[in-house]
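One structure is given here, and the rest of the page talks about it.
Values quoted throughout were computed directly from the atomic coordinates according to the rules given, and no laboratory measurement underlies them. Predicted model, so just to flag it, every value in this text is computed and none were measured. Reconstructed Cβ throughout: ideal geometry from the backbone, glycine too, with neighbour counts over all protein chains shown.
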Amino acid sequence: MDDKPDSAAPGAGTGAGRGVGVDAGAGLERRAELSEFLRTRRARLRPEDVGLPHYGRHRRVPGLRREELAQLAGVSVAYYTRLEQGNGRNVSAEVLDSIARALRLTDAEHAHLTHLAKPKHKKRQSAPTQQVRPSLRQLLDTMDGVPAYIVGRRSELLAWNRMAAAVFGDWSRLPAPERNWARLVFLHPETRDLYADWEQKAIDVVLSLHMEAGCYPDDPRLSALVGELSVKSEDFRRLWATHDVKEKSHGVKLLRHPLVGELALRYESFKVADAGELTMTVYHPEPDSPSVESLRLLASWGADATRTGSGSPTP
């Protein structure tokens, strides 16, 4: 049986590129986000991946058909079609679990699907002010030999220590709205030049924003950020349209620092307890590696070259 290309849900693909559903002033379009997320997860699975026969050249859409996915999930084709079109009202947790298993979603993807299909807040509520406790700022300052910073919602940089400024740039010299990883990565050429693998850093930022969009689709400031980046950056549009989500808490970053050259730094990210949705990230070099001496050099120069920075509380 030939299959026809699937049509997108209403609202999908608005904005600057397909998959960027933004309602200016109101937030991201949850229905479009849900539709595109399910469509892209289905498209990445091949029939042979799930034990179904492959019809070769007769298949005209990538991945599984809707009827095949519905069969695997144990739901009707009409029901799944409505869900993929963004009509996820009253969908049960059990059905979402079945669809997640059929799509072979990761834990992070499963949580994202649940947030999109069953949002906790139907109406937008005022988000609490993001504040960094004085004790957290003091903790950052005590980490004098390694870069460390605190990020809040929407990838906003809220506080950092002297070494973070020496390694990543003096964010205190930027206007407050520009102290944002997404804007830095996609709109600031010097940040692109800093990362040896800029593409991976960009992917990490988009993965995080997508996770947040699932939790807070009605956040107008998040909507404005996604809309701005979609207009100004073709790379952002390309990566956002993948609808990939992942929580990344550790890894290695390779940097090309203008003063000391290559830096290889491991990082660990932690959710800050009793601080809303703040995340602290700390970088460190491997013992006895060349990056140890490079950080020492930056530490000795940093007092003259940079200033410790911290952002004002933001809503």
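Might you let me know whether segment 197-215 holds any residue that is surrounded by fewer than 21 Cβ atoms within 10 Å (Cβ to Cβ), farther than 30 Å from ALA264 by Cβ and within 13 Å of the chain's Cα centre (by Cα)?
There is at least one residue in segment 197-215 that is surrounded by fewer than 21 Cβ atoms within 10 Å (Cβ to Cβ), farther than 30 Å from ALA264 by Cβ and within 13 Å of the chain's Cα centre (by Cα).
Cβ-Cβ under 8 Å, sequence separation 6+ or interchain: first residue in segment 240-259 and closer than 15 Å to ALA164 by Cα, partner hydroxyl-bearing (Ser, Thr, Tyr). Which pairs?
LYS253/TYR195; LYS253/TYR267; LYS253/TYR283; LEU254/TYR195; LEU255/TYR195; ARG256/TYR195; HIS257/SER294
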